[in-house]
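A short worksheet on the structure shown next.
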Amino acid sequence: MEDDDDTLPLSALQHYLYCPRQCALIHVEQQWAESRHTAEGRLLHERADQPRGERRRGVRTVTAMPLAHPALRISGIADVVEFHEVPGGEQEQAVPVEYKRGRPKAHRADEVQLCAQALCLEAMLEQTVPAGALFYGATRRRKDVPFDSELRRLTRDTIDATRAMLGSGTTPSATYEARRCDACSLIDLCQPRLLVRGTGVNAWLARQLASSPAAAAAAAAAAAAAAAQGSDTEEGPAPPARRAGPRAARPWRQTAGR
């Protein structure tokens, strides 16, 4: 990768849309805590995390495939990429598949992470990737995800907002939302119920954000993402996973991500 210091792990996009503070705790402060939900999610990924390839019924399946998009400066590891035979075509059609522990969610964090994988595949393979799939462990069902213009725009906006926040090195102040926070494995590290009581501290943090244009832009994007998020009570954050390419020097770039 050119300028690996600026490469964003794909997992950070899902973390950011779930909760910008969670994203900063993981990728800026390098904090992590395991819960039953994250442990179950990790076990679900174990099979896909073993690099290998196989072919069945005209579909070649590659697991733990490294991904990168040099222009967007994102990289990570795909759980599974299926390569489907195209009748009369010389090139197979790539379809990224991401495994999740819980159920389909109201917000689009999982879809954005999957779409970012597709953008990487398009850059690497020089082909259009029109759709992917999410497999949810709780329902044992596969959900097809078309990569339409709206999802692609949301994905690129999220890449920009996440990079701005992480680049600022600022962790957003805590806000407590029971449906989101109670399912998060980082709740004891984050302490949202305790911190929201300290209005004086929150006011000070708000002034610090306002003093930095980059932090202010990230805060505005975070507020928009939180408003569109919806509820998610099935699982906490995905653990920071491996990323493609060498480890970088800055703390948030050292967190490996899908």
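The values are calculated or read from the model by the stated rules, or taken from the named source; none is laboratory data. Treat the numbers as computed from the prediction; the structure is a model and nothing was measured. Counting neighbours? That spans all protein chains shown, and the Cβs are built from the backbone with ideal geometry, glycine included. For accessibility, only protein heavy atoms count, side chains too; no ligands or nucleic acids. Shrake-Rupley method; radii C 1.70, N 1.55, O 1.52, S 1.80 Å.
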Taking only protein heavy atoms and a 1.4 Å probe, the highest-to-lowest accessible-area order of GLU126, GLU29 is GLU126, GLU29
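For region 52-140, what ratio Rg/Rh do Cα atoms give with a Kirkwood hydrodynamic radius?
Numbers: Rg = 13.4 Å, Rh = 13.7 Å.
Here the Rg-to-Rh quotient is 0.97.
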Phi angles of region 111-120, converted by Karplus (6.51 cos²θ - 1.76 cosθ + 1.60, θ = phi - 60°) into ³J(HN,Hα) in whole Hz with x for Gly and Pro, give 5, 5, 4, 5, 5, 5, 4, 5, 4, 5
Here region 186-193 yields Karplus 3J(HN,Hα) values (6.51, -1.76, 1.60; θ = phi - 60°; whole Hz; Gly and Pro given as x) of 8, 4, 6, 7, 6, 6, x, 5
Whole-Hz Karplus couplings 3J(HN,Hα) for region 172-178, θ = phi - 60° and coefficients 6.51, -1.76, 1.60, Gly and Pro as x, run x, 5, 7, 10, 9, 10, 3
Those GluC sites (Glu not before Pro) from region 59-116 that are DSSP loop and have at most 15 other Cβ neighbours within 10 Å turn out to be GLU85, GLU90
Under 5 Å from the placed amide H of LEU67, counting only residues 5+ away or on other chains, we find GLY76, ILE77, ALA78, ALA244
